[in-house]
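Student: The structure's right below; bear with me while I get my questions together.
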Amino acid sequence: MRTLTFASRNTKEITRDILTLIFGIVFPIVLLLLLSAINKGIPEGYGPEIFAISKLAPGITVFGLSFLSLFSSMLIAKDKTTSFVLRLFTSPLKPAEFILGYTLPLIPMALIQTAICYLCALFLGLPFGINLLVAVIVNLPIAVVFISLGLLFGSILNEKAVGGICGALLTNLTGWFSNVWFDTALVGGAFKTVADILPFSHAVGAARAAVAGDYAAIFPDLWWVIGYAVLLLAAAVTVFAVKLKKN
Amino acid sequence: MEAIKTKALTKKYKETTAVKALDLTVHKGELYALLGVNGAGKSTTIKMLSCLTQPTSGDAELMGHSIVSEASMVKALINVSPQETAVAAKLSVRENLEFIAEIYGSSKKEAKEKAQSMIEKFNMHEIVRSRAAVLSGGWQRRLSIAMALITEPEILFLDEPTLGLDVLARRELWRLIENLKGKITIILTTHYLEEAESLSDRIGIMSRGVLLAEGTAAELKAKAGTDSFEEAFIRITEEAVQ
């Protein structure tokens, strides 16, 4: 009950910020439209395969979720800068309730963001089917990965620093190591190894498999992402609990 | 009955001892002011008593519950109005009040009723729909205290409640605090000596982590041999430094 109350407050804080809506919803759609337009300008057979709408749309949905890190880190870092956090810390809320309260409001946002992206992709030629519903659900663990990363950084860093880390660095890392903009196999070597270790390319792989209806191919990648989600969420709770005690 | 009893409460930060073996007793329903110059250890004491930080050694019992081993029980009994703005900026006044009530276990219906009661008690009708971020400093502080009281705490910590307020807003808050006297136990920290003298049942003066003296304002003046409370505070504090 306390968790839901705290989550409700955080939902209001997030949705009453116009920048959140712009970055969360509008920016991924702009990217999708722009890259589709570029791809259409290239003669068929000459453009990169990953820019075909069936590959691009799931990739953009994953990349768009990277902004959730920014939202969750800013939320927690902003709370830390005011005395409001003292009020929360002296309340009966426990560390796990804090982290869940920060996480829950962003889950529906992740679902809405992904659904709108796929809806937009339908107009760009993506075939409609039950696969898209599966693809929306497949994005949930990667949403938790990004939210947890934001909560981790937000617990440790101040408001200015999280803007740089989660707003710039993390979105870039997601872009480079996710196979959204280019195939990491083309770079090969250590770059490809890092991409395989990080969860981003696996998230994109699972999302693309879901859109393609290749359900058997979803889980090897999705297990990888689920593992990261569980570990990072546990790490966020632990770090938050330590920070709470060290206050 | 004792609302707060500290036993050799100590907090060390690396080489610095912020609070040294503090033995303090505050009675139920009492308004106890904790005074001291910057770095005296007031804020650290409040932080320990409100379970924000753990003592290095010693303990304190709040309404019979240990801050070390029963922190969650203590947290349910207390509330804090921190020094600076302690409101959720993007929530309205009503939403802020209902949020805090629910966090402390009230149902939605109870929270609504309690919020309405606070709005009436603190005359906040005209700002009830305003977001906290756009309120004046005085209104924010009033809301902050209302948020602390909505949970019906047995012990309330007021940390510099009138800091930065104009004289009218300060007097208005004094009236609100006076109305609470005897109903709940209040620990007040302030740099305004006249505020402590006017509002408190008893006053404790701290310096360098040590409780130098305590008593009513009259007792402290008599002890220091001065007519004014400000002079008494200065003399007690300076004697300790020398």
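Every number in this text was worked out from the coordinates using simple rules, so none of it is lab data. In this text, all values refer to a predicted model and were calculated from it rather than measured experimentally. Cβ: placed from backbone, ideal geometry, glycine included. Neighbour counts: every protein chain shown.
Student: Using the Cα centre of segment A:2-246 as the reference point, and only Cβ charges (+1 on K/R, -1 on D/E), how large is the resulting charge dipole? Debye, rounded to the nearest 20. Display every interim value, and only then the final one.
Tutor: Values: 16 positive and 11 negative charges, 208 e Å.
Result for segment A:2-246 is approximately 1000 debye, rounded to the nearest 20.
Student: How many nm is it between the label spots at B:Glu2 and A:Glu159, if each spot is 7 Å from the Cα in line with the beta carbon?
Tutor: 4.2
Student: Using a Gaussian network model on chain A with a 10 Å cutoff between Cα atoms, which of A:Phe200, A:Phe51, A:Phe27 fluctuates the most?
Tutor: Top of the fluctuation ranking is A:Phe27.
Student: Step through the residues of segment A:146-154 one at a time and calculate ³J(HN,Hα) from phi using the Karplus curve (6.51 cos²θ - 1.76 cosθ + 1.60, θ = phi - 60°), rounding each to whole Hz and writing x for Gly and Pro.
Tutor: Here the 3J(HN,Hα) series is 5, 4, 5, 4, x, 5, 4, 5, x Hz.
Student: Ranked by Cβ crowding within 10 angstrom, fewest neighbours first, how are B:Glu102, A:Glu97 ordered? Each step should come with its number before you reach the end.
Tutor: Working: B:Glu102 25, A:Glu97 20.
By the 10 Å Cβ count, ascending, the order reads A:Glu97, B:Glu102.
Student: When the Cα atoms of segment A:120-247 are enclosed in a convex hull and the volume is divided per residue, what value in Å³ results? Don't skip to the answer; put the middle values down first.
Tutor: Numbers: hull volume 16.4 nm³, N = 128.
For segment A:120-247, the hull spanned by Cα atoms encloses 128 Å³ per residue.
Student: Which FRET efficiency, nearest 0.05, do A:Leu231 and B:Lys183 yield, Cβ-Cβ r, R0 41 Å?
Tutor: Working: r = 49 Å, r/R0 = 1.19.
About 0.25, to the nearest 0.05.
Student: Can you pick out the pairs among B:Lys5/B:Lys90; B:Lys11/B:Lys109; B:Lys20/B:Lys221; A:Lys246/B:Lys221; A:Lys245/B:Lys7 whose Cα atoms lie more than 30 Å from each other? Each step should come with its number before you reach the end.
Tutor: On the way: B:Lys5/B:Lys90 38 Å; B:Lys11/B:Lys109 41 Å; B:Lys20/B:Lys221 25 Å; A:Lys246/B:Lys221 39 Å; A:Lys245/B:Lys7 21 Å.
As for pairs spanning more than 30 Å Cα to Cα, those are B:Lys5/B:Lys90; B:Lys11/B:Lys109; A:Lys246/B:Lys221.
Student: Give the separation of the Cα centroids, segment B:1-60 to segment A:177-230, in Å.
Tutor: 53
Student: Length gain on complete extension for the stretch B:Arg175 to B:Asn38, per 0.36 nm per residue less the alpha carbon to alpha carbon distance? Mind showing how you got there, number by number?
Tutor: Numbers: separation 137, 0.36 × 137 = 49.32 nm, distance 2.65 nm.
Residue separation times 0.36 nm, minus the Cα-Cα distance, leaves 46.7 nm.
Student: For a Förster distance of 56 Å, can you work out the FRET efficiency between the beta-carbons of A:Ile38 and B:Ser136, rounded to the nearest 0.05?
Tutor: Details: r = 52 Å, r/R0 = 0.93.
The formula returns an efficiency of 0.60 here.
Student: Here is a follow-up. Which FRET efficiency value, to the nearest 0.05, is calculated for A:Ala96 and B:Ser107 with the Förster distance at 22 angstrom and r the Cβ-Cβ distance?
Tutor: 0.50
Student: Okay, moving on. Roughly how many nanometres apart are two label points built 7 Å out from the Cα toward the Cβ at B:Glu152 and B:Asp166?
Tutor: Distance between the two pseudo-spin positions: 3.7 nm.
Student: Between A:Leu88, A:Leu68, A:Leu149, find the one with the highest GNM mean-square fluctuation for chain A; connect C-alpha pairs within less than 10 Å.
Tutor: Its mean-square fluctuation being the largest, the pick is A:Leu88.
Student: Report the Stokes-Einstein translational diffusion coefficient (µm² s⁻¹, integer) for the protein assembly as shown, Rh taken as the Kirkwood radius over Cα pairs, at 25 °C with viscosity 0.890 mPa s. Please report the intermediate quantities before stating the final value.
Tutor: Numbers: Rh = 25.2 Å.
It diffuses with D of about 98 µm²/s by this estimate.
Student: Using amide H atoms built in the peptide plane, which far-off residues or other-chain residues are under 5 Å from B:Ala3 H to H?
Tutor: B:Val26, B:His27, B:Lys28
Student: Now a separate question. Write down Rg/Rh for chain B, rounded to two decimals, with Rg from the C-alpha atoms and Rh from the Kirkwood relation over Cα pairs. Mind showing how you got there, number by number?
Tutor: Details: Rg = 18.1 Å, Rh = 18.5 Å.
Value, to two decimals: 0.98.
Student: Please give the length that would be gained between B:Ser198 and B:Arg129 if that part of the chain were fully extended, namely 0.36 nm times their separation in residues minus their C-alpha to C-alpha distance (nm, one decimal). Kindly include the intermediate steps, with their values, before the conclusion.
Tutor: Details: separation 69, 0.36 × 69 = 24.84 nm, distance 3.37 nm.
Result: 21.5 nm gained on full extension.
Student: Which entries in A:Lys94/A:Lys243; A:Lys160/A:Lys243; A:Lys243/B:Lys75; B:Lys121/B:Lys183; A:Lys160/B:Lys75 show an alpha-carbon gap greater than 20 Å? Provide the component values of the computation, followed by the final result.
Tutor: Numbers: A:Lys94/A:Lys243 12 Å; A:Lys160/A:Lys243 18 Å; A:Lys243/B:Lys75 18 Å; B:Lys121/B:Lys183 15 Å; A:Lys160/B:Lys75 31 Å.
Distance filter (> 20 Å) returns A:Lys160/B:Lys75.
Student: Using only DSSP helix segments of four residues or longer, with each worth -39500 (n - 2.57), what per-residue ellipticity at 222 nm results for chain A after dividing by its residue count and rounding to 500? All intermediate terms of the calculation are to be shown ahead of the outcome.
Tutor: On the way: 15 runs with 189 residues, N = 247.
Helices in chain A give a 222 nm mean residue ellipticity of -24000 deg cm²/dmol.
Student: Normalized C-alpha radius of gyration of chain A, against 2.2 N^0.38 Å? Mind dumping the intermediate values first?
Tutor: Working: Rg = 18.3 Å, N = 247, 2.2 N^0.38 = 17.9 Å.
Normalised Cα radius of gyration, chain A: 1.03.
Student: Compute a Gaussian network model of chain A, connecting alpha carbons closer than 10 Å, and tell me which residue from A:Ala115, A:Ala210, A:Ala236 fluctuates the most.
Tutor: A:Ala115
Student: Moving to a separate point now. In Å, what Rg and Dmax follow from the Cα atoms of segment A:131-173?
Tutor: Values for segment A:131-173 (Cα only, Rg and Dmax): 13.0, 41 Å.
Student: For labels at A:Asp214 and A:Asp183 in the simple 7 Å Cα→Cβ model, what's the distance in nm?
Tutor: 1.2
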